[in-house]
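Encoded as structure tokens, the structure appears first; notes follow it.
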Amino acid sequence: MKEAKALFQKLKIISLLDLALLIPSSYNNTMLSNSIEMGKTHTFEGKVDEVSNINGKLRVSFWLPHFNARLTSMLFRVTPYHRQLFTLGSEHYIQGKVEDYKGSLQMNQPKSLKRIGQLIPKYGTTVKESSMRSLIECYVNEQSLYAEGLNELEVRTLLGLHYPQNMKDVEGYDKEVLKFVEAFNHMKKLKGKREDFPALEALTGELMPFTKGLPFQLTKEQQSVIYEVQQDLKEAKKAAKRLVIGDVGSGKTMVILAAAVMAYPSRSILMAPTSLLAIQLYEEAISHLPSYMSVALVMQGKNEGDYLTADFVIGTHAILYKEDLPRASLVMVDEQHRFGTKQRAVLENMMAEEEKKPHFLQFSATPIPRTQAMMQSELIDVSLITSTPFEKDITTSVIVKEDFPELLESIKDEIAQKHQVLIIYPLVEESKEIPYQSLEESRGFWEKKFDNVYVTHGKDKKKEEVLHEFREKGDILLATTVVEVGISLPRLTLIVIVGAERLGLATLHQLRGRVGRLGLKSWCYLFTKNKKNERLKSFSQTMSGFEIAKLDLQFRNSGDILDGTIQSGMQFKWLNLGEDEHIVKVAKNRVANL
Ligand code: ADP
Ligand code: MG
């Protein structure tokens, strides 16, 4: 086909299966009808036995030999074409909606069909139906589908949908088959996308001195991820490329430290999104790493230790601008979802040497469904940490205005126990679009009623200082969603999220993860105007980030305002990443064996 390329572009199609998966949205049934049902569209064979003009309209009567009946048609939009078409004695296949008009059959504005006996697909895409049908006829056939690696059932199902022989083909097909083809197509596209490079060197440092010195036992999941990382780092032929995903508080820092230990005596570099987080990681490194390892901290305008000689360099993105940053064989990025793709790659590339690359580990606190992880693992190795070292005891409730007095009591209770409270507002300043109080409108209330109230928000230049001071001296922190970044506030036991229904579940989960970090009994209050919100209800019933990632997919079309936390480019028509783990597994295997 000549214009196929342009059409593919218009349809955003890049593979044959993309095209085959564009199944018709409906069909035009041109099979001759055997029986008549009023109000339904029918196709009849008929002969014109009377034509008359009535007030500019055309009335045509047909004799239907099959039914031994007469049918009358009114043509309201009459063109010369119609007058020529429906001449007395001419025979037609007519199609249209049949109605009962005073006891006789009526079909207004009938179409005269050239061919009958088919189900003609209607695709409803952005290209013309006729072009769409030509594309399908040109590319989607038994041979091409088998060549893609599909089996007989899959080929028959797809062909049945594009070239149906009867209604059974289009009504009785198995949706699971389409799910599979969709998964298979996706995995096929990812295949071969992964690019591996030789490592700068194999890293085989002793882990024991680190694990022995820890004040606690590593969890099973921490151990198994550390083992996976160990296997990665041992490899000289292939630089590690791994994403470790674990809920807030799942203990990813231990994996980071273990990796640095295994890299020793070679150097590791870790980049964190904020200076507060960098400092925290630095402090943890100092207290948990074996004493023979030296650690340095690099931030804008402030350093600790000597980064030129340290075994483990921790920093903010300020390290990207250090021209004398020494070589490292292991590069890590914490809270990787807070960096842009380019920023993450810069550090890796800074350390590259000819075709060799450093081992590269990334850490993320944005859980994704297992199925999605399985897909992503075509591009990058993925490790999941699904449990937390502490059983977090957080009670989540959906509250409304009437519950406010009770909420105030709970807040007072917590503060009396030297615990801290966090209140999240949707906006800094008043806005007509949001039916909730803003940070600035509410702060007076809290400051009058309580001592040690701190306030910060996203654009606040002193944000990190405020958080730092609050950690030591504060009772109540009023903030916008800035505190999402993983700073540790161990005494935080109560969080109120104002206008919770406006936030995505992933964000709510991150926010809730701020409280009860060390296992203290904690509370999360979702303040909303709509107590019946199903999304918030489901959220309040689970603590697992991986469950919540699934929920997020389920509620994706719920009309709630989401905040774009769902990864794009992972949208499927049939496949449900929350449920179809098995299908993805089978598809992945089939692709691997192609
Ligand atoms: P995150 O995955 O959010 O980065 P962290 O690494 O900050 O989580 O860990 C959260 C807390 O749990 C820290 O205080 C850390 O010291 C503690 N922790 C980590 N692993 C364990 C463990 N195996 N047993 C007990 N506490 C642990
Ligand atoms: Mg962390």
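Points worth noting:
- Leading residue by the ranking (surrounded by the fewest Cβ atoms within 10 Å (Cβ to Cβ)) among those in the stretch 41-100 that are part of a strand (DSSP E or B) and of a type in the set (Val, Ile, Thr): 54
- The single condition from (1) in contact with a strand residue (DSSP E or B) (Cβ under 7 Å, 6 or more places away or on another chain); (2) crowded, with 17+ Cβ neighbours inside 10 Å; (3) free of Cβ contacts under 8 Å to residues at least 60 places away in the same chain that residue 325 fails is (1).
- Here the stretch 431-458 is the region considered, the condition is being aliphatic (A, V, I, L, M) and within 35 Å of the chain's Cα centre (by Cα), and the residue that is nearest to residue 469 (Cα to Cα) is 455.
- For residue 194: the one exception among (1) under 22 Å from the mean Cα position of the chain (by Cα); (2) within 16 Å of ligand 2 (Cβ to nearest atom): (2)
- Cβ separations smaller than 8 Å between residues 6+ apart or across chains give the following pairs from the stretch 260-281 residues that are part of a loop (DSSP other than H, G, I, E, B) to residues that are of a type in the set (Asp, Glu) and within 13 Å of ligand 1 (Cβ to nearest atom): 272/334; 272/335; 273/334; 273/335.
- Meets criteria (acidic (Asp, Glu), surrounded by fewer than 18 Cβ atoms within 10 Å (Cβ to Cβ) and at pLDDT 80 or above) for residue 579: yes
- Hits in the stretch 484-505 - residues which are modelled with pLDDT under 90 and buried (at least 23 other Cβ atoms within 10 Å of the Cβ): 486, 503, 505
- Where residue 225 falls short, out of the listed (1) more than 16 Å from ligand 2 (Cβ to nearest atom); (2) in the same structural domain as residue 380 (by TED's automatic domain parsing): (1)
- Every listed requirement among (1) assigned by TED's automatic domain parsing to the domain that holds residue 508; (2) buried (at least 20 other Cβ atoms within 10 Å of the Cβ) is met by residue 407 save one, (2).
- Among (1) away from ligand 1 (no atom under 16 Å from the Cβ); (2) under 30 Å from residue 339 (Cα atoms); (3) buried (at least 18 other Cβ atoms within 10 Å of the Cβ) - the single one residue 467 does not satisfy: (1)
- From 297, 320, 277, 347, residue being at pLDDT 95 or above and either buried (at least 21 other Cβ atoms within 10 Å of the Cβ) or within 32 Å of the chain's Cα centre (by Cα) (or both): 297
- Being of a type in the set (Phe, Trp, Tyr) and within 16 Å of ligand 1 (Cβ to nearest atom) holds for only one residue in 180, 197, 216, 184, and it is 216.
- Among the candidates 156, 194, the residue that is under 13 Å from residue 20 (Cα atoms) and out of contact with any helix residue (DSSP H, G or I) (no Cβ under 8 Å at 6 or more places or on another chain) is uniquely 156.
- Residue in the stretch 7-15 that is loosely packed, with under 12 Cβ neighbours inside 10 Å and part of a helix (DSSP H, G or I) present: yes
- Boolean, residue 23 is in a loop (DSSP other than H, G, I, E, B) and within 19 Å of residue 189 (Cα to Cα): no
- Residue match in the stretch 237-244 (condition: within 16 Å of ligand 1 (Cβ to nearest atom) and under 30 Å from residue 291 (Cβ atoms)): yes
- Residue count for the stretch 418-437 under the criterion of being closer than 23 Å to residue 489 by Cβ and either surrounded by 12 or more Cβ atoms within 10 Å (Cβ to Cβ) or without any contact (Cβ under 8 Å) to a residue 60 or more places away in the chain (or both): the result is 10.
- Checked against the criterion of being within 15 Å of ligand 1 (Cβ to nearest atom), β-branched (Val, Ile, Thr) and in contact (Cβ under 8 Å) with a residue 40 or more places away in the chain, the candidates 385, 399, 380 yield just one match: 385.
- Hits in the stretch 254-265 (condition: surrounded by fewer than 20 Cβ atoms within 10 Å (Cβ to Cβ) and within 11 Å of ligand 1 (Cβ to nearest atom)): none
- Residue pairs whose Cβ atoms lie under 6 Å apart, separated by 6 or more positions or on different chains, with the first residue in the stretch 349-368 and within 13 Å of ligand 2 (Cβ to nearest atom) and the second in a loop (DSSP other than H, G, I, E, B), are 363/334; 365/248.
- Filter result for residue 413 (closer than 15 Å to residue 522 by Cα, surrounded by 13 or more Cβ atoms within 10 Å (Cβ to Cβ) and without any contact (Cβ under 8 Å) to a residue 12 or more places away in the chain): yes
- Wholly within the stretch 107-221, helices (runs of 4 or more DSSP H) carrying at least 1 residues that are modelled with pLDDT of 95 or more and crowded, with 18+ Cβ neighbours inside 10 Å: 129-139, 142-147, 152-162, 175-190, 208-213
The values are calculated or read from the model by the stated rules, or taken from the named source; none is laboratory data. In this text, all values refer to a predicted model and were calculated from it rather than measured experimentally. Cβ: placed from backbone, ideal geometry, glycine included. Neighbour counts: every protein chain shown.
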